[in-house]
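Visitor: First the structure, which I've put down as structure tokens, then a few questions once you've had a look.
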Amino acid sequence: MQSDKRFEITYLGQAGLILDTDQIRIVFDPYLSNYVVDSGIGSAELFSRSFLPPVKAEDLSGIDVVFISHDHADHCDPDTLLPLYKTNPELRFICPRPVANHLQVLGIQNRSILVPQILELQSLPGLEFHALPAAHYGFDRDMETREYAYFGFVVKTAGRILFHAGDTISYPEFAANILKHSDHVDIACLPVNGRDEKRENMGIVGNLDGVEAYSLAKELKSRVLIPMHNDLFSFNSADPHVLNDLVQREEEPVKLQWMKPGGKFVD
């Protein structure tokens, strides 16, 4: 049931979101630089941004929590996270173990980092959440601790429940893990760029496609589906018309909320 409390999402592109409520300001997977190219991880031909960052990391203030789904540079970006941490020194990073290890190497204090127990309901002021394994394509684990390396996050705040999938495909227990502590998800934020042999031959691990994402959103009884991970790198995207056409054929469709970088969705 929708609450009258503030619940505003700002889209940053790729898998990046800011969630603002009256009690808390949360960021998910922010990528606000060109680090993939600048660091030499990816070529400028393929991995240059399709659009400029909608905001500078150092200009984001009042951040309480940053959720990071996994340690890929377009989700865990030092050139974004360090300025964000400098501006918001009391924030908490919630992330898998490999991300925590990376953050510590960057000089972020351990007290600022939380590696949650999988499927365990946890809370911070203004927020309840649990982490679940993401499959990208399998269940990669930290080499030392054997903890899962890819997370999705279910967060409850301001009377709504939001699921941010990070990078993932589906697996048999996926929906059950998402619904571990609730019977629905109000807003499902899911990758829709899909996967194919051409990209896999380039070493690109894919995600849910639009049809799979929409099916999951229905299974989660979501009111809104926000498609993600389909705009930053032009070679790693899928035709949005496939998802749009599917929604138009539905008798009782989940609301499809495509977002532009810097755009806002108010629930």
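Visitor: For region 68-85, check the following and say yes or no: at least one residue is assigned to a strand (DSSP E or B) and aromatic (Phe, Trp, Tyr).
Guide: Within region 68-85, not a single residue is assigned to a strand (DSSP E or B) and aromatic (Phe, Trp, Tyr).
To keep it simple, each residue is scored yes or no on (1) touching a Lys or Arg at 6+ places or on another chain (Cβ under 6 Å); (2) without any contact (Cβ under 8 Å) to a residue 60 or more places away in the chain; (3) charged (D, E, K, R).
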{"residue": "Ala15", "(1), (2), (3)": "no, no, no"}
{"residue": "Val27", "(1), (2), (3)": "no, yes, no"}
{"residue": "Val36", "(1), (2), (3)": "no, yes, no"}
{"residue": "Gly62", "(1), (2), (3)": "yes, yes, no"}
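Visitor: Now, a different point. Taking Gly263 as meeting all but one of (1) without any contact (Cβ under 8 Å) to a residue 60 or more places away in the chain; (2) closer than 21 Å to Gly13 by Cβ, write down the number of the exception.
Guide: (1)
Visitor: Counting only residues that are modelled with pLDDT under 95 and not aliphatic (A, V, I, L, M), give me the helices (runs of 4 or more DSSP H) lying completely in region 146-247 with at least 2 of them.
Guide: 197-201
Visitor: Scan region 123-145 residue by residue and report those that are of a type outside the set (Gly, Ala, Ser), assigned to a loop (DSSP other than H, G, I, E, B) and within 18 Å of the chain's Cα centre (by Cα).
Guide: Listed by number, the residues that qualify are His136, Tyr137, Phe139, Asp140.
Each row is one residue, and each column tells you yes or no for (1) touching a helix residue (DSSP H, G or I) at 6+ places or on another chain (Cβ under 7 Å); (2) within 26 Å of Ala135 (Cα to Cα); (3) buried (at least 19 other Cβ atoms within 10 Å of the Cβ); (4) of a type outside the set (Lys, Arg).
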position: Leu12; (1), (2), (3), (4): no, yes, yes, yes
position: Gln23; (1), (2), (3), (4): no, no, no, yes
position: Ala57; (1), (2), (3), (4): yes, no, yes, yes
position: Ile68; (1), (2), (3), (4): yes, yes, yes, yes
position: Thr87; (1), (2), (3), (4): yes, no, no, yes
position: Pro96; (1), (2), (3), (4): no, yes, yes, yes
position: Gly107; (1), (2), (3), (4): no, no, no, yes
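Visitor: Please go through (1) crowded, with 20+ Cβ neighbours inside 10 Å; (2) over 22 Å from Gly126 (Cβ atoms) for Leu19 and return the number of the only condition it doesn't satisfy.
Guide: Here Leu19 meets the rest and fails (2).
The values are calculated or read from the model by the stated rules, or taken from the named source; none is laboratory data. From a predicted model like this one, the values you see are computed outputs, not experimental measurements. Positions of Cβ are backbone-derived with ideal geometry, glycine not excepted, and every protein chain shown enters the neighbour counts.
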